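Asks: Take a look at this one; I'll ask things after.
Each value in this text was obtained by applying a stated rule to the coordinates, not by laboratory testing. The model shown is predicted, which means the values in this text are computed figures rather than measured ones. Positions of Cβ are backbone-derived with ideal geometry, glycine not excepted, and every protein chain shown enters the neighbour counts.
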Amino acid sequence: MMQANFIYGKTVFMWTFIAISVFLAFSCKKNTDEKTAIFNVGPQLAYIAPRPPASPSSPTNIPAMKIVENGVKDTLYLTLDRISGFTYTEGYTYVLKVKITITTPAPVDGDIYSYALIQEVSKSLNKGNY
Amino acid sequence: MQKINLADFVQYQPNTIIHEICHALGMFHEAERPDRDNYVIINSSNLTSSGQAQFSKITQNYYMLGAYDFTSVMGYSSYTSSTSIVYNTSLPMYTRKDNGQSISQGYDLSTLDKSWINTFYIPYIARSDTYAELDNTVYKPDGTIMTSQERLQLQAQLNNGNPNPPAGGRIQNNF
């Protein structure tokens with residue numbers, strides 16, 4: 001009888017453990033989506049404002065890369081460390097192949113997009129205005 | 001271990017530092033409450049996708065206290081200068097529903113912010129053994145301080161009925 005109770009207890013424990021593990025795995029899961037993009041990075045630094053919760057009156061002098069993505073109308077501004085694996089030098093124009101990962105839910109106070117360099121397609125010294 | 005990323009200029013914005021530490025403790029933005037639409041109006045058309053992500057409602061695995069707290073350090077101010085969040089920085093991200101006015105982020109922990117933290121966190125004294133010894137000051141969720149009797153009672157509960165820590169187990173605080 002004691003042996004039976006022990007085995008029953010072990011089984012209940014095992015199934016409880018599995019149920020909790022499955023619950024935690026799904027409740028904490030972040031959904032990610034990926035795409036590849038071509039970034040045209042300008043030669044001059046831009047200066048941007050920080051995201052909230054930084055105050056709207058915060059300094060707006062955070063250095064950033066000015067980027068035009070192929071096929072996208074809006075200009076993108078990314079701080080210098082945002083493209084993993086890429087080091088920016090002012091004065092050069094770059095064409096980059098980049099992996100964009102979209103994470104939902106977004107990190108708190110963070111961006112839903114993260115960027116990683118796949119290939120530096122070109123790097124050329126800029127002689128004019130971008 | 002949790003890593004908190006802070007820009008160097010936030011040394012002049014303690015509310016931003018407190019805000020990020022509160023995230024690490026498990027708190028979310030006030031405007032992410034599931035009932036937030038009763039209190040604020042989200043200006044969705046001015047929010048970029050990154051901006052909208054910070055205003056998504058939390059509908060599961062959450063704990064909240066009281067009504068919407070406009071003084072919470074976890075509330076964003078209505079305006080931001082960040083173009084990664086809004087299309088037009090002269091327009092708000094969101095406003096109060098009752099009077100249409102803008103919202104300012106709380107400067108420090110509000111009463112409800114403190115209650116939330118006190119509900120989940122108990123201050124312990126660092127020890128080298130397994131005894132859970134409480135600090136002399138333990139706040140209750142209502143913001144009042146536990147009497148020594150209440151504290152010893154809780155300490156006993158945490159230690160299989162034993163309210164008395166073994167001698168000599170404290171780790172010296174050299175800070």
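Asks: Report the calculated FRET efficiency for A:L80 and B:I171 (r = Cβ-Cβ distance, R0 = 41 Å), to the nearest 0.05.
Replies: With a Förster radius of 41 Å, E is 0.50.
Asks: Here's a follow-up. Per the Debye formula with a single identical scatterer at each Cα and no solvent contribution, what log10 I(q)/I(0) holds for region B:122-175 at q = 0.12, 0.13, 0.18, 0.30 Å⁻¹?
Replies: Per q value, in the given order, log10 I(q)/I(0) is -0.28, -0.32, -0.60, -1.24.
Asks: For the pair B:T119/B:L25, report the inter-label distance in nm, with labels modelled 7 Å from Cα in the Cβ direction.
Replies: 1.3 nm
Asks: Work out how much length B:S128 to B:K3 would gain on full extension: take 0.36 nm times their residue separation and subtract the Cα-Cα distance, in nm to one decimal.
Replies: Net length gain for the segment: 42.5 nm.
Asks: Grab the beta carbon distance between B:Y87 and B:D135, set R0 = 35 Å, and tell me the FRET efficiency rounded to 0.05. Kindly include the intermediate steps, with their values, before the conclusion.
Replies: Details: r = 48 Å, r/R0 = 1.37.
Once rounded, the FRET efficiency stands at 0.15.
Asks: Which of B:S81, B:Q105, B:A24 sits farthest toward the positive end of the charge dipole of region B:9-114, with +1 on the Cβ of Lys and Arg and -1 on the Cβ of Asp and Glu?
Replies: The listed residue farthest towards the positive side: B:S81.
Asks: For Cα pairs less than 8 Å apart in space and 6+ apart in sequence, what is the mean separation divided by the residue count of chain B, i.e. the relative contact order in percent?
Replies: 18 percent
Asks: Still on this structure: To the nearest 0.05, what FRET efficiency results for B:S45 and A:I118 with a Förster distance of 22 Å applied to their C-beta separation?
Replies: It comes out at approximately 0.05.
Asks: Next question, about the same structure. Lys and Arg at +1, Asp and Glu at -1: add these up for the other residues within a Cβ distance under 15 Å of A:N40 and post the number.
Replies: On the way: positive: A:K66, A:K73, A:K97, A:K123; negative: A:E69, A:D74, A:E120.
It works out to a net charge of +1.
Asks: To continue, here is another question. If you fit an axis through the alpha-carbon atoms of helix B:148-158 and take the longest principal axis of the Cα set of chain B, what angle between them do you get, 0 to 90°, nearest 10?
Replies: 90 degrees
Asks: While we're looking at this one, here's another question. On C-alpha positions alone, give me the angle between the axis of helix B:14-25 and the longest principal axis of chain B, in degrees, nearest 10.
Replies: 60 degrees
Asks: Largest first and to the nearest Å, give the Cα extent of region B:9-114 along each principal axis.
Replies: Dimensions of region B:9-114 along the principal axes of its Cα atoms: 34, 34, 26 Å.
Asks: Could you state the per residue volume, in Å³, of the convex hull enclosing the Cα atoms of region A:31-125?
Replies: For region A:31-125, the hull spanned by Cα atoms encloses 101 Å³ per residue.
Asks: About its Cα centre, how strong a charge dipole does the protein assembly as shown have in debye, to the nearest 20, once Lys and Arg get +1 and Asp and Glu get -1 at the Cβ?
Replies: The dipole magnitude comes to about 620 debye.
Asks: Could I ask something else about it? Quick check: pseudo-label points 7 Å beyond the Cα along Cα→Cβ at A:V95 and B:S148, how many nm apart are they?
Replies: 7.7 nm
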